[in-house]
Structure formats: structure tokens, C-alpha cells
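**Student:** Could you have a look at this structure, given as C-alpha cells, before my questions?
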Amino acid sequence: MAEPLQVAIVGHTNAGKTSLLRTLTRRADFGEVSERPGITRHAEAIDLRLDGRVAVRFIDTPGLEDSVALLEYLRALPGDSRPERVRAFLRGPEARAAFEQEAKVLRALVDQADAAMLVIDTREPVLPKYRAEAEILAWCAKPIMPVLNFVRDPASRQRDWHQALEEGNLHARVAFDAVAPFVGAERQLYGDLGTLLPARRQQLAGIVDALALEARERRRAACRVVAAGLIDVAAMRRSLPAHEFADKLRQRAFVRAFQDEVRRHARRAIDELLALFAFRPGDAELADLPELAGRWQDDLFNPELLKEAGKRLGTGALIGAGLGAVADVALAGLSLGAASALGATLGGAASGGWRPLWRKLENRMAGVQELTVEDPVLWLLAGHLLDAVRALAERGHAAIARLELSAQAGDPAGELRPVVRALEPARGHPEWERATGRRARRNAERAELETELARLLDQGLDRAGGPDVRGRLPG
């Protein structure tokens, strides 16, 4: 079994070294990410584990703070070669005094690392101190691969940096935004590292394959999380005696409580997705997900959105009076045909077949009113959760800004219609709803439906364009 690859992460203070490591290792809890300079003060190791084994050991190093002065000092030292001068510096008194921080970086590179990734904040202009950093690192005689960070920022000076790196004879480089890495950036990063470390090329190719497999399995698991949440909501049934439902204040409170329970199921699914993608529920950037910070409440039961969803699903324009639930109505005195038409308008008979309508008639005779969830709500919920899957798959673990998802759930290709139709059996099984805060009760029929829904959701992600788990570069 090959020894883990050792890679030093080097660069100027606040260039995003810790941010890059959080994203590459999917460890949102590693180090501290901040706009304040000089957060990392000591070299610290963090492992990328694949199949339970350490594949890469990264060494997070402090920032190079005075590279111009250090380069002048190194040039004045005696020695037949540049690596000899670096070693002489590390043995000398200045490595424990004026250049203590720089010595920690060079010692990690010389004594421990197989290669280094030079993290560059492309928002910064190409200053002499950055050119000096690259030259000093080259003196260590280890392969150096520049990693251009923050390339998606409008202030990025990526073209200037490409030119500067070519002038410094650093031709193998990769663009990798630690906050929002594009799909395929990881593959390119390890692939380019393989060109600098030919003896490790096969090992690095294995890492790429293992990461692609992990991503595929993670997406499949995410689709199961979404499927489970949708079944919970589709199976929801809440009853109220008819005389209480006739009280408008009591009715509104009943419906609000029902909607809140739908949101709790949605929140549960979001929390499970965050955990699956190795994010923490309490992180500031995650607490600001639109689903959890107000847009969810506005959108999920918004009458206009429900109306539009109803049109797309072919259930008509009048959807539940904007309540997002099917309220039993006074069916007494109506013919069966009229009752069917009314049920279709409210998303009942048309979406759930004859069984839900028959249950309504039974409830009416028993003096009970019942709420269930309409198809348009399921459609919107599925769209929101799949938007979350896409966003989390493309989000770096160093991100501290608001995660912006689309304001409305979209389904341009109509991929969610089969998902909504497949949820129909759950309407007849209220026992399939998992109680929030408790583990799921295993049920073979529910598990079978969950598997089928996850397959449909996964296919929908493929046809709708992502996330691509094969590591393909954009464009």
C-alpha cells in the first residue's frame, strides 16, 4: 500500500490556504476562516481519508509575511546551491527570530512534503512580495503547483496572475475557488499534480477515481433523503371535527399548524442533506439558506406559485384557495360526479385517485374534516430540496457568505411530474409519515417507494444538468 501523499499548502497570509483545505477534505470544522490576517500561526496536518485510509496528508502552513527581505537574506548566504542556502537558513539564528514564520513554512516543505500547492488570492495585484514568495519556494527544490483562488470573484485578476506565473516558470497551475469550486476542479487539481509527480501519477489517478465514486454515492444518498422527506409530507393526514373546522379562527389555526408540520419535515430533510455533505447545521452560512430564513415560508404556500404549479401538473388553476392543503368540503347533497369535480379542483380526487375521495366521503359521514397535502406543494418541495442538493454539491466548506438558491423552485424539463405521480401510494398510508425527531419506522412498502423515488430524482438531476459526479470540466 502506497504511503500517503504529503502536500504542503503554502502562500501569503490570508490567501485562502485554510479555506482550500476545508474544501478539499470536506472538513468545515478545520482551522479558522476569517478576513483577519495571520490566522494560521503553526504548521498543522489534516488528512484526506478515502475508504477509511489516509490518501493525502495536507500540511497547513502559516503565511509568508516578509518574503522580499527573506529572499535578500537567502541570496547573501553562502552555499553552492539554492537548496543548500535554504537549509543553512533553517539551521541559523534568523529562523528562530526575524523569519520565524517563514522558517515554519520552508521546514514543512523541505522536511515533510512531496510537493507544495501555492495558494494565490487572485483578487490581489501581482506585487513584488508575491514574486519573491514563488522564487523562495522554488529554492526548496520541491514541485510547486500554484492554485488560483477566488477566481469567480468579480475583482479577480486571473489573467495577470497567469502571466506572472509563466514568467516565474510555473506552468502547471489550476483555478480552484475554495468557496464555490466548479465541478471538475478537484479532478484537474490532482491530475495536474500528477504531471509534477510522475512517480505518484497512478496513486493520484486512484484518488481521483475514489473521489468521483464518493461524489456519486453522496448524490444517490441525497436523492434518498429527498425521497424520504417527500413521502413524509405526502403521507400526512390531520383530522378535525367538522364543527371545529366550521369555526373560521379554529380552521385557520388548524391549517397553519398543518403547514408548520410540512415545514418541519422540509427542515428535517435540509438538516439531513447538510450532514450528508459534511456541513454543520449551526454554521452561519448554512443558517442563511433561503429555505430556513424566510423564503421557504413565502414560497411553499404562496397562492400564485401553487396556481402555477397546478397548471404545470395539469390539475387546474384553482389550487386549494392558496392553503396548500386539501380541505374536506361539505359533500352532502352533491352527486358523486359533482363531488369528483370539486375534489379535482382542490387537488384531491384528480391527484389521489378514488381511494382519497372515498375516504373523504367516509370522513364526511363521520363528521370529520381532514387535511392532506396537494400535489403542487409536493412539486414545489421536491424542487426546493433538489435545488439544495445542487447547491451543496457545488459549495466549498470555506464559504461564509449566504448560500443563494433560486427564489422559486424550477422544473423547466418537467422532470418532477413522475416524482409527484409516484408519491400517490403514500397518500393512502398515513403510517408512513415519520415523526419528526424520531428514527424512521422501517416499512418494506415505504422503503420500496423511497428507492423508486430516489431513482427518479437521480435521473431528473442528470437530465436537468447536475451536479455532474464524473468530474467533467465546464465548457
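The values are calculated or read from the model by the stated rules, or taken from the named source; none is laboratory data. Since the structure is predicted, the reported quantities are computational estimates derived from the model, not experimental observations. Reconstructed Cβ throughout: ideal geometry from the backbone, glycine too, with neighbour counts over all protein chains shown.
**Student:** Just to be sure before I move on: is Ala205 assigned by TED's automatic domain parsing to the domain that holds Ala115, closer than 28 Å to Val110 by Cβ, surrounded by fewer than 17 Cβ atoms within 10 Å (Cβ to Cβ) and of a type outside the set (Phe, Trp, Tyr) in the structure I sent?
**Tutor:** no
**Student:** A further question on this structure: Going residue by residue through the range 131-141, is there one that turns out to be β-branched (Val, Ile, Thr), in contact with a helix residue (DSSP H, G or I) (Cβ under 7 Å, 6 or more places away or on another chain) and assigned to a helix (DSSP H, G or I)? Full working, then the answer.
**Tutor:** Just the residues of the range 131-141 that are β-branched (Val, Ile, Thr), to begin with: 136.
Imposing the further condition that a residue be in contact with a helix residue (DSSP H, G or I) (Cβ under 7 Å, 6 or more places away or on another chain) reduces the set to 136.
This time we only want the ones that are assigned to a helix (DSSP H, G or I), so: 136.
Within the range 131-141, one or more residues are β-branched (Val, Ile, Thr), in contact with a helix residue (DSSP H, G or I) (Cβ under 7 Å, 6 or more places away or on another chain) and assigned to a helix (DSSP H, G or I).
**Student:** While we're on this one: With the requirement that a residue be charged (D, E, K, R) and either outside the structural domain of Leu189 (by TED's automatic domain parsing) or under 32 Å from the mean Cα position of the chain (by Cα) (or both), what does the range 84-137 give you?
**Tutor:** We begin by selecting, within the range 84-137, every residue charged (D, E, K, R); these are 84-85, 87, 91, 94, 96, 100, 102, 104, 107, 111, 114, 121, 123-124, 129, 131, 133, 135.
Hits for the range 84-137 are Asp114, Asp121, Arg123, Glu124.
**Student:** Output the residues belonging to the range 112-132 that are over 18 Å from Ser19 (Cβ atoms) and in contact with a strand residue (DSSP E or B) (Cβ under 6 Å, 6 or more places away or on another chain).
**Tutor:** Listed by number, the residues that qualify are Gln112, Ala113, Asp114, Ala115.
**Student:** Within the range 145-162, can one find any residue that is surrounded by fewer than 24 Cβ atoms within 10 Å (Cβ to Cβ), touching a strand residue (DSSP E or B) at 6+ places or on another chain (Cβ under 6 Å), under 14 Å from Ala8 (Cβ atoms) and at pLDDT below 95?
**Tutor:** yes
**Student:** Consider the range 142-168. How many of its residues are part of a strand (DSSP E or B), of a type outside the set (A, V, I, L, M) and free of Cβ contacts under 8 Å to residues at least 60 places away in the same chain? It would help to see each step written out before you state the result.
**Tutor:** Step one: filter the range 142-168 for residues part of a strand (DSSP E or B), giving 144-149.
With the extra rule that they be of a type outside the set (A, V, I, L, M), the set shrinks to 146, 149.
Now narrow it down to the ones that are free of Cβ contacts under 8 Å to residues at least 60 places away in the same chain: 146.
Summing the residues that are part of a strand (DSSP E or B), of a type outside the set (A, V, I, L, M) and free of Cβ contacts under 8 Å to residues at least 60 places away in the same chain in the range 142-168 gives 1.
**Student:** Would you please name the residue that is farthest from the chain's Cα centre (by Cα), looking only at residues in the range 396-434 that are part of a loop (DSSP other than H, G, I, E, B) and modelled with pLDDT of 80 or more?
**Tutor:** Initially, the range 396-434 is screened for residues part of a loop (DSSP other than H, G, I, E, B), giving 396-416, 423, 428-429, 433-434.
Right, trim to modelled with pLDDT of 80 or more and you get 416, 423, 428-429, 433-434.
Numbers: Leu416: 21, Leu423: 26, Gly428: 33, His429: 32, Glu433: 26, Arg434: 25 Å.
If we take residues in the range 396-434 being part of a loop (DSSP other than H, G, I, E, B) and modelled with pLDDT of 80 or more, then Gly428 is farthest from the chain's Cα centre (by Cα).
**Student:** Give the residues of the range 40-65 that are charged (D, E, K, R), modelled with pLDDT under 90 and under 16 Å from Lys104 (Cβ atoms), sorted by residue number.
**Tutor:** Within the range 40-65, Arg41, Glu44, Glu65 qualify.
**Student:** Identify the single condition in (1) of a type in the set (Gly, Ala, Ser); (2) closer than 18 Å to Gly383 by Cα; (3) touching a Leu at 6+ places or on another chain (Cβ under 6 Å) that Ala210 does not satisfy, given that it satisfies every other one.
**Tutor:** In the conditions (1) of a type in the set (Gly, Ala, Ser); (2) closer than 18 Å to Gly383 by Cα; (3) touching a Leu at 6+ places or on another chain (Cβ under 6 Å), Ala210 misses (2) alone.
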